[in-house]
Amino acid sequence: MTRKSRHPDFDQTLELLRSHSFAVAPYSAGGTLVSKNGVGAVLAPAPKVKDGALEAAEDASPAVFAVGPGALIRGEVARLVDRGYQKFIKTSQYELPASASQLQAIHAFSDELKQLVGSINLYNQALGTTSDRYLYDRLQGREGEQPKATRPWELAGEH
C-alpha cells in the first residue's frame, strides 16, 4: 500500500490559501495570482522529475514563487527597488515611493504566505522587507572600465 503524503499538492495548497481569505486567480504563463490586502504574488507548481536532477525532497514545498510578493498596482505585482535613501514600488509603467504601510503589508503577506505554503523563510527576510533590486545612486555609473591613473614619477615617453 502506498504511503499517503503528509504534504498537500499544489491544488490543495491553493484551497488552503482560499480558506485563509487569500484571493486566488489564474495568471498568465501558467501561474496563479495569490493576493490579500493589496499585496500579491504569483505561485507556480514546483517541478517534479522522478529520475532527473530536479527530484524534489520529501519536505519540499508544492509551490514556488514565479513572482515574489509585492504590492498590487492595477493588477500587476510590483517589484520593490531600494535606492539607498528610499524604497520604491516599480511596475512596468510606474515607479512610486513605497510607504511604511505598504512595506508592512508586504512583509506580513510574505510571512503568512510562506508559512501556509511551507516555503523556507530565511533569517534576513524574517527581520524585515527585503528588496528585489538594490540601485544605490553613489554606485551608478561605476560599471564601465575606469581609465588608468597617471603616475607622475613614470616617464611618459622615451628619453
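Read-outs throughout are calculated quantities, based only on the coordinates presented, and are distinct from any laboratory measurement. No experiment lies behind these values; they were computed from the predicted model shown. Using ideal geometry, Cβ is built from the backbone for each residue, glycine included, and neighbour counts are taken over all protein chains shown.
Take the Cβ-Cβ distance between Ala44 and Tyr123 as r, set R0 to 22 Å, and report the resulting FRET efficiency rounded to the nearest 0.05.
0.30
Using θ = phi - 60° and the Karplus relation 6.51 cos²θ - 1.76 cosθ + 1.60, list the HN-Hα couplings for the stretch 87-97 in order, rounded to whole Hz, with x at every Gly or Pro.
Residue by residue, the stretch 87-97 yields 9, 10, 9, 10, 10, 5, 10, 10, 9, 10, x Hz.
Let me see the P(r) profile for the stretch 60-101: every Cα-Cα distance counted, bins of 10 Å, each bin given as a percent of all pairs.
Using 10 Å bins, I get a P(r) of 27, 47, 19, 7 for the stretch 60-101.
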